[in-house]
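Structure first, commentary second.
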Amino acid sequence: MEETMFWSKEGKKIKCGICVFNCLMENGGFGRCKMRYNENGTLKMKNFGKVQDIKKVPVETIPLYHFMPGQDVMLLSTIGTNIDWLTKIDDKPKGSKIKPEELIKDMNSKKIKILAFDDYEPIISFELVFKIMRLAKRYNIKTILSTNGFIDSEAIKKIGKYLDAAIIKIVASGDKDFYEKYLDVKDTSAIFDTLKNFKKHRVFTEVANTIVPEIGESENSHSHLVDWLINNLDSSVPYHLIKFEPFDKFKNIPETSPELFERFAFEAEKSGLRFVYVHDPYVGGYSTTYCYNCKFPLIERLGEAITENRLDGDRCPNCGFRISLVLE
Ligand code: SF4
């Protein structure tokens, strides 16, 4: 269990292949995530097997709206990240060791059928995530990955058959200049490669996009993202617009306004996305799942809680149209 995966020797250095940054580390050196390091020619990970937190939440809080709606999820907040965004790349993350077998058995006895990996970037804890996913499958527990998308394709291949659903959390519509200037990422194509890879591995995927006012509200980037989703995934991919709230180095940027949300939501729908959700109580009508065919309200929500579910299986009870969602 203490062995790390996906690394190779490059002369005296080690190359890590967990995420697309593929860090090269000298002896004693750390990767971008400050979690993985070269110790005398072996790749090690700090705080191996530890997580920040475990709690039970509704699946809607992830947010996933079309995957087993209304069900409880055991949410594991892992440690480590590769992008400084809501959480900083931190070389001293707090965490406590967990016992994967006990976790899965506990979930099974409590009849919790979904397990999700979230915050910071779960792929940094790849070995732990992989081990728990494999155990979960034995108990028919579904698994969800919440990720920023910068995963190496080989790592996706490894977890693909154990992964049921994913949410890709994009910032500023994946705008290249924003990622380069504010997140120290030169190439955003990995986000789109990961979306394609999830599709290839039949992972049910939803997309979340945090709209950052002023510095990350490019309409061109948003159009490009929406068109890409329609042309490469499906017009039925659930699409979440997430509120930006000022923090740290972005403390002078205002939060996303209802007007900005409405503009982006309108654009996404006009372009052809069928299920657009806005995570702001001041923007009406965008927390409900409507039948795409007859506009009948199928699932109503207050915040992240379902208040009404009128689905007839996976069909609209009004017109019989089949809705793209996973029920079990
Ligand atoms: S997990 Fe990613 S950021 Fe961390 S060392 Fe490996 S390649 Fe670098």
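The values are calculated or read from the model by the stated rules, or taken from the named source; none is laboratory data. Owing to the predicted nature of the structure, the values given are computational and were not obtained by experimental measurement. No Cβ is skipped: glycine too gets one built from the backbone with ideal geometry, and neighbour counts run over all protein chains shown.
Here are some notes:
- Number of positions in region 1-16 that are more than 10 Å from the ligand (Cβ to nearest atom) and free of Cβ contacts under 8 Å to residues at least 12 places away in the same chain: 2
- For region 96-142, the candidate set comprises residues that are of a type in the set (S, T, N, Q) and closer than 19 Å to CYS33 by Cα; within that set, the residue that is farthest from the ligand (Cβ to nearest atom) is SER96.
- Check on PHE192, more than 28 Å from THR288 (Cβ to Cβ), at pLDDT 95 or above and buried (at least 18 other Cβ atoms within 10 Å of the Cβ): yes
- Which numbered condition ILE104 fails, given (1) part of a helix (DSSP H, G or I); (2) over 27 Å from LEU325 (Cβ atoms): (2)
- Matching option when the condition is near the ligand (Cβ under 8 Å from one of its atoms), without any contact (Cβ under 8 Å) to a residue 40 or more places away in the chain, under 13 Å from GLY80 (Cβ atoms) and not assigned by TED's automatic domain parsing to the domain that holds GLU154, among CYS23, CYS33, CYS19: CYS23
- Residue count for region 143-179 under the criterion of being in a strand (DSSP E or B) and within 16 Å of the ligand (Cβ to nearest atom): the result is 3.
- Some residue of region 258-272 being surrounded by 15 or more Cβ atoms within 10 Å (Cβ to Cβ) and part of a loop (DSSP other than H, G, I, E, B): no
- Residues in region 82-105 that are under 22 Å from PRO246 (Cβ atoms) and touching a residue at least 60 places away in the same chain (Cβ under 8 Å): ILE83, ASP84, TRP85, LEU86, LYS88.
- Any hit, region 51-66, residues being in a strand (DSSP E or B), touching a residue at least 60 places away in the same chain (Cβ under 8 Å), away from the ligand (no atom under 13 Å from the Cβ) and closer than 30 Å to TYR290 by Cβ: yes
- Boolean, PRO93 is closer than 30 Å to LYS251 by Cβ, modelled with pLDDT of 95 or more and either away from the ligand (no atom under 14 Å from the Cβ) or surrounded by 18 or more Cβ atoms within 10 Å (Cβ to Cβ) (or both): no
- When restricted to residues that are out of contact with any strand residue (DSSP E or B) (no Cβ under 7 Å at 6 or more places or on another chain) and of a type outside the set (Asp, Glu), region 47-86 contains 7.
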